[in-house]
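The values are calculated or read from the model by the stated rules, or taken from the named source; none is laboratory data. These figures come from a predicted structure and were not determined experimentally. Here the Cβ is made from the backbone with ideal geometry for all residues, glycine too, and neighbour counts use every protein chain on show.
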Amino acid sequence: MRIFKTRSDAADAIRNNKVTVNGSYAKPSREAKIGDKIEVKRGLITYSYLITELVANRQPAKNVTLYCQNITPQSELDKLNVPRETIFVFRERGTGRPTKKERREIDAVMDEMFLDDWDDDEF
């Protein structure tokens with residue numbers, strides 16, 4: 001399969017348990033079969049692929065669609081379009097860098113947001 005750009009990237013993902021084959025963690029030496037479902041976790045998204053044909057030699061990236069099918073659910077792909085929360089502090093043009101007092105106020109707001117997010121996480 002040609003999911004990763006390099007073999008070392010693929011090996012790192014397998015070593016870090018980010019790749020599963022038919023629901024179990026993959027090993028670098030595992031041979032794929034037709035009908036295997038491969039799931040790859042990249043960031044927030046888990047991509048799913050179905051092997052439709054086996055190839056003997058390394059293939060160019062443009063041929064991936066000939067031997068595997070992307071079956072990633074739309075709900076996973078929608079995670080790509082989630083707006084990211086950012087703080088934008090409006091400053092008048094030409095006012096320069098924030099003063100020490102303004103910087104402390106900005107840091108206090110950032111700390112509150114971080115601590116609120118930290119409290120919401122479960123361990």
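Look at ARG91 and say whether it is among the basic types (Lys, Arg), over 30 Å from ILE3 (Cα atoms) and at pLDDT below 85. Yes: the conditions hold for ARG91. Would you point out the residue of region 1-42, among those that are of a type in the set (Gly, Ala, Ser) and in contact with a Leu (Cβ under 9 Å, 6 or more places away or on another chain), that is farthest from THR72 (Cα to Cα)? So, considering only residues that are of a type in the set (Gly, Ala, Ser) and in contact with a Leu (Cβ under 9 Å, 6 or more places away or on another chain), the one farthest from THR72 (Cα to Cα) is ALA32. Under the condition of being surrounded by 11 or more Cβ atoms within 10 Å (Cβ to Cβ) and either under 15 Å from CYS68 (Cβ atoms) or more than 9 Å from the chain's Cα centre (by Cα) (or both), the residues counted in region 29-53 number 13.
Residues in region 43-53 that are at pLDDT 90 or above and of a type outside the set (S, T, N, Q) were compared, and the one that is farthest from LYS79 (Cα to Cα) is GLU53. Right, GLU122: more than 16 Å from PHE4 (Cβ to Cβ), in a loop (DSSP other than H, G, I, E, B), modelled with pLDDT of 85 or more and not aliphatic (A, V, I, L, M) or not? No, not satisfied.
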